[in-house]
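Bear in mind that the values in this text are calculations on the coordinates, not laboratory data. Just so it is clear, the structure is predicted and the values come from calculations on it, not from any experiment. All Cβ positions, even for glycine, are placed from backbone atoms using ideal geometry, and neighbour counts span all protein chains on display.
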Amino acid sequence: MSVTQHADTIRDRILIVDFGSQVTQLIARRVRESGVYCEIHPFNKVTPESLTAFAPAGVILSGGPGSVTATDAPSPPDALFEMGIPVLGICYGQQIMMARLGGTVVSADKREFGRAFVTVTAPSDLFDGVWKPGDREPVWMSHGDRVETLAPGFQVVATSENAPFAVVSDERRRFYGVQFHPEVVHTPDGARLLRGFTHGICGCSGSWTMAAFRDEAIERIRAQVGKGRVICGLSGGVDSSVVAALIHEAIGDQLTCVLVDHGMMRLGEVDEVVSVFRDRFNIKLVHRDASDLFLSRLEGETDPEKKRKIIGATFIDVFEEEAKKVGGADFLAQGTLYPDVIESVSFAGGNQVTIKSHHNVGGLPERMNMALVEPVRDLFKDEVRALGRTLGLPETMVGRHPFPGPGLAIRIPGQPLTRELLDLLRKADAIYLEEIRAAGLYDTIWQAFVVLLPVRTVGVMGDARSYEYAVALRAVTSTDGMTADYYPFEHEFLARVSNRLINEVRGVNRVTYDITSKPPGTIEWE
Ligand code: XMP
């Protein structure tokens, strides 16, 4: 990954070298939560030159699935240990540091997974203000290999039952290695230990706040755009809303937003976007109701991937048309986030299987020949939310659940889309979300929605027979949408929602609850 454009303006930054651990992103989260800017770079892209260019105040080596005992073990360049800056190795990171600096690592007879206890045996700057000798502390372990002999200059400062070298340090060179994972919440003192490393040992000031980020981002946008014109597609989602508000703050009327209404948004969403952006923020906003066009192109289609492709292509057509009408632009704004740009280290190899094609509008920048403005590409989702708050966006917008680009179209499986079905689903969805909000559960749940099933079922309403649609409720918890668990609602809550849906939404006479996790399911049904 290239060094981001603005790295020069942030002095206190930490480099995280990724060896492919499932939880590398959590290291970045913890470091940023403590007010320190950091970036994740894959180990095979870290070179003496990239180290000099990035000029970190310290380096964290992540864990990883590899084995130091393998001949082609993933390894950082020697230069990393010769820069005179502090290094913290976590799990595999500890082992590879030991191996590179003259110690040995072996495959352990007893693997250690999950909760374990470390006993602090000697003082270390790494423990400053957190642990002291004699303490016995819970940590989260996940390793097969372990350090067997220490590299010269190192000493053991904590041990565990199956990892005699649970924490090692070379206080003179400020090199530290931990066998456990401080970045996961199951290591209760982990965040404080990481903070001790970045603040105490690396000397970072912790001044990286959202307000500071916003001011820097505004300067960067002005420098990039100059007197040019920017166009931004608004979807009502968190990312595009924050990007639009930020760019408007930077360049005012040089920004035009285009809201392509495909007719598959949630109830009231389009109106809210128009009222917030046009009326409150006074942003130039083109609102195009293209629902007829989308529906006509989708006519008779039930295949999920084809629906996605039709919606993506139609979006591009309409967007392009509207962009031309306003006289074109030099730049296209996009709400790309950090997880989209991290080049993760993959040991799986082979071709990736496409489960769902999420890049609904890929190809737009190339086709329209515009340069990209991506002002939040260094941020995680909740950082984007925090940024939105500093820009004065309403909580209903910044706290909103994720919503897929193709919208309600992928929540009506197995039957052709019609305006009537979309309206029915929109109404059901609004009631369900209203109840979730009323129960105070909205922020605990990652995403919740109703799926309109392609089955009619028999019921009895009053004294009459009914023959109407069944719907499924979905609610999941997740941290990144990659894995998810269904939300364990109280029965009483489900009964209340079921009752309201059947009474208030004409066309629905049966309600079910989806209890599938991801994997093996996905969050959406299509
Ligand atoms: P799945 O269903 O793949 O969803 O478990 C993971 C997250 O992605 C969203 N999603 C989409 N987002 N276009 C999008 O922009 C899509 O085609 C799409 N399909 C799923 C889904 O809502 C969840 O947040």
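Give the long-range amide H neighbours of residue 301: residues separated by 5 or more places, or on another chain, with amide H under 5 Å away, using H modelled in the peptide plane at 1.01 Å from N.
Residues meeting the criterion, in which the H sits 1.01 Å from N, are 417.
Considering only C-alpha atoms, what is the centroid distance from the stretch 193-239 to the stretch 45-99, in Å?
Their Cα centres are 26 Å away from one another.
Going through the DSSP H helices of the chain, which span 24 Å or more along their own axis at the Cα atoms while scoring at least 0.5 as a mean Kyte-Doolittle hydropathy?
Details: long enough: 304-325 (32 Å, -0.79); 419-438 (28 Å, -0.14).
None clear 24 Å together with a mean of 0.5.
Which length gain, in nm to one decimal place, applies between residue 223 and residue 278 when the Cα-Cα distance is subtracted from 0.36 nm times their residue separation?
Fully extending the segment from residue 223 to residue 278 adds 17.3 nm.
Helix-derived [θ] at 222 nm for the chain: sum -39500 (n - 2.57) over DSSP H runs of at least 4, divide by residue count, nearest 500?
My calculation for the chain gives -8500 deg cm²/dmol from helical runs alone.
Could you tell me which residue out of 478, 202, 46 lies farthest along the dipole of the chain toward its positive end? Charges go on the beta carbon: Lys and Arg +1, Asp and Glu -1, centred on the Cα centre.
Result: 478, furthest along the dipole toward the positive end.
Determine ³J(HN,Hα), in whole Hz, for all residues of the stretch 407-413 in sequence, where each value follows from phi through the Karplus function 6.51 cos²θ - 1.76 cosθ + 1.60 and θ = phi - 60°; x replaces Gly and Pro.
x, 5, 4, 9, 10, 10, x
In nanometres, what is the gap between the two model label sites at residue 479 and residue 330, each 7 Å from Cα along Cα-to-Cβ?
So the label points at residue 479 and residue 330 sit 4.2 nm apart.
Take every DSSP beta bridge whose two residues both sit in the stretch 169-300, then give the antiparallel share in percent to the nearest 5.
Working: 2 of 12 bridges.
Close to 15 percent.
Would you mind working out the magnitude of the charge dipole of the chain relative to its Cα centre, with +1 at each Lys and Arg C-beta and -1 at each Asp and Glu C-beta, to the nearest 20 Debye?
Dipole size: approximately 300 debye.
Along the charge dipole of the chain, Cβ charges K/R +1 and D/E -1, which of 369, 342, 523 sits furthest on the positive end?
Most positive-ward Cα: 523.
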